[in-house]
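FYI, it's all coordinate maths here, none of it is from the lab. Predicted model, so just to flag it, every value in this text is computed and none were measured. No Cβ is skipped: glycine too gets one built from the backbone with ideal geometry, and neighbour counts run over all protein chains shown.
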Amino acid sequence: MDHKQITTFLKVAETLNFTKAAQQLNFAQSSVTAHIRALEEEFDKPLFERLGKKIKLTSAGLEFHSYAERLLKLTAEAKQAMSASDEPEGVIVIGAQESQCTYRLPPILKEFKTLYPKVKLVFKPAHSDNMARQQLMDGGMDVAFFMDVPKAEQSLTIETLATDSIKLVASPNHILASHPSVDLKQLEGDTFLLTEAGCSYRNLFEQSCQNADVYPINQFEFGSIEAIKQCVIADLGVALLPEMVVEKDIERGDLIELNWHHDMPPVFTKMAWHKDKWMSPPLLAFTELTRTMLS
């Protein structure tokens with residue numbers, strides 16, 4: 001197994017087409033076929049299933065895929081470590097939810113690119129904290145940011161950087177806008193505009209409803225926090241969002257915070273990476289800057 005064979009495997013897995021893979025790699029198609037055949041002979045298992053002109057990964061191919069990605073990444077890290085220069089360079093793959101990308105990370109990224117212009121930053125969306133954790137475990141991300149309550153972790157190194165309370169927000173025209181306080185029973189018939197399933201503060205809200213024996217019927221689910229905010233401003237319902245997301249909207253008067261009785265704890269912005277992750281100079285510089293700016 002060599003570097004070219006692994007590169008070829010990943011490109012064929014991406015394109016699911018030997019001809020396209022050969023063109024994109026600038027290899028002869030016979031070389032692509034030979035590389036895949038050599039891997040299959042080494043593993044004594046087919047990595048691709050040929051269905052006429054179409055191909056797809058076999059179960060063995062799917063299993064090898066994550067290892068292949070990690071092997072190439074380790075090779076790149078080794079080359080970087082052996083030829084380390086005074087100025088960090090390389091690639092950092094970052095996972096974060098929309099709220100972090102929009103409201104917390106931009107100042108850090110701006111400062112980082114000023115200090116380390118040779119480092120390329122690649123973002124991967126993490127629609128849930130569990131997704132971010134899994135990507136870190138699989139080696140698909142170098143570092144990830146998520147919001148969660150404190151919990152024990154075994155395979156990840158996690159640092160808590162900031163704390164956010166969860167705000168229940170509504171339009172200034174909402175029927176309960178002038179009430180000094182509200183509880184979940186009063187909101188049971190309202191429309192709740194929710195983030196995607198798996199979001200930490202949505203999970204906390206659902207647990208809070210269950211504890212209060214309240215089961216909202218009208219729920220809309222969104223993949224975008226900005227869409228949720230615009231719908232709340234239009235008085236289509238209420239939403240629970242982290243303070244960092246809504247504080248400026250509340251200051252401007254576009255949203256109001258409802259004073260509601262609840263048992264929801266605050267959530268914490270966390271930075272995490274695999275405990276066995278090699279902290280390359282670029283990654284180390286990024287984590288140190290983030291720690292300085294957010295802690």
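Are any of the pairs LYS11/LYS113; LYS73/LYS118; LYS56/LYS275; LYS124/LYS275; LYS11/LYS110 more than 23 Å apart by Cα-Cα distance, and if so, which?
Details: LYS11/LYS113 30 Å; LYS73/LYS118 18 Å; LYS56/LYS275 33 Å; LYS124/LYS275 20 Å; LYS11/LYS110 32 Å.
Distance filter (> 23 Å) returns LYS11/LYS113; LYS56/LYS275; LYS11/LYS110.
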- Item | Only Lys, Arg (+1) and Asp, Glu (-1) charged, at Cβ; the chain dipole about Cα centre in debye | 1240 debye
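Using a simple charge model, +1 on the beta-carbon of Lys and Arg, -1 on the beta-carbon of Asp and Glu, nothing else, what dipole does the stretch 166-265 show about its Cα centre, in debye to the nearest 20?
In debye, rounded to 20, the stretch 166-265 gives about 60.
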- Leading residue at positive end of dipole, the stretch 89-180 (Cβ point charges), from ILE94, ASN173, THR157: ASN173
- Sorting LEU193, TYR103, SER59 by the position of each Cα along the dipole of the chain (Lys, Arg +1; Asp, Glu -1; all at Cβ), the one nearest the positive end of that ordering is SER59
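Pairs of alpha-carbon atoms within less than 8 angstrom and 6+ residues apart define the contacts here; what relative contact order does the stretch 133-242 have, in percent?
On the way: 122 pairs, mean separation 38.7, N = 110.
Once normalised by length, the contact order is 35 percent.
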- Task: Counting only C-alpha contacts under 8 Å and six or more residues apart, can you give the relative contact order of the chain as a whole percent?
- Result: 21 percent
- Query: In angstroms, what radius of gyration and Dmax does the stretch 166-265 have, counting Cα atoms only?
  - Reply: 12.2, 34
- Query: From Cα coordinates alone, what are the radius of gyration and Dmax values for the stretch 3-81 in angstrom?
  - Reply: 12.4, 44
- Where Rh is the Kirkwood radius over the Cα pairs of the stretch 96-188, the temperature 37 °C and the viscosity 0.692 mPa s, what D in µm²/s does Stokes-Einstein return? 198 µm²/s
- Task: Give the whole-number value, in cubic angstrom per residue, of the convex hull volume spanned by the C-alpha atoms of the chain.
- Result: 179 Å³
- Query: Tally Lys/Arg at +1 and Asp/Glu at -1 over every other residue whose Cβ is under 14 Å from the Cβ of ALA234; what's the total?
  - Reply: -3
